[in-house]
């Protein structure tokens, strides 16, 4: 590795964010190779960026650039993808896998904006502020969308008898 501080900065950013960005781009594009190309272009743009301009908000910058490039690529290909086709870390327990599968099916019934903020929050582990900057929604709106989505998921996942008591 080079002694150049910018090179170290790029390598560190790659190591820290590349896999999350690929998962996110794949979720948008439903194609691993296209996702990798989008993430590669994202990091090429980072190489041209002055580190001082993105200091303190590197993750938001990367996800925003990746998101914009992925949506541009998707427009060209005119494809959509369900959240259930993404790679997720699933507990080895069969019951846990069934629960995750059921949750993913419920998530697919949510409006697109709720699906996206849920994905960014729980799959990419981003804060409300980071999600706000990526999606260009207010932090309050992000919080409302996540709250509404979680409430809808919980309502559909609870047994019928429990739902009647609520």
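The calculated FRET efficiency for the pair residue 140 and residue 33, based on their C-beta separation and a Förster distance of 30 Å, comes to about 0.20.
For 107, 100, 142, 11, what's the fewest-to-most ordering of other Cβ within 10 Å of each Cβ? Let's see the in-between values first.
Numbers: 107 20, 100 15, 142 25, 11 12.
The fewest-first ordering by Cβ neighbours comes to 11, 100, 107, 142.
Going from the fewest other Cβ atoms within 10 Å to the most, the residues 39, 54 appear in the order 54, 39. Computed extension gain for residue 77 through residue 113, at 0.36 nm per residue and net of the alpha carbon distance, reaches 10.9 nm.
With the simple model of a label 7 Å out from the Cα in the direction of the Cβ, residue 68 to residue 7 spans 2.9 nm. Annotation: the residues 53, 115, 67, 8, sorted from fewest to most other C-beta atoms within 10 Å of their own C-beta, follow the order 53, 8, 115, 67. Specify whether the C-alpha gyration tensor of segment 1-81 places it in the rounded, prolate or oblate class, a ≥ b ≥ c being the square roots of the eigenvalues: rounded for a/c under 1.5, otherwise prolate if a/b is larger than b/c and oblate if not. Since a/c reaches 1.5 and a/b is larger than b/c, the shape of segment 1-81 is classed as prolate.
For segment 1-81, what is the relative contact order in percent, using Cα pairs closer than 8 Å and at least 6 residues apart in sequence?
Values: 61 pairs, mean separation 29.9, N = 81.
After rounding, I find 37 percent.
Each reported figure results from applying straightforward, stated rules to the coordinates on display, with no laboratory input. What you are looking at is a predicted structure, and each value in this text was computed from that prediction instead of being measured. When we count neighbours, we look across all protein chains shown, and the Cβ atoms used for this are built from the backbone with ideal geometry, even at glycine.
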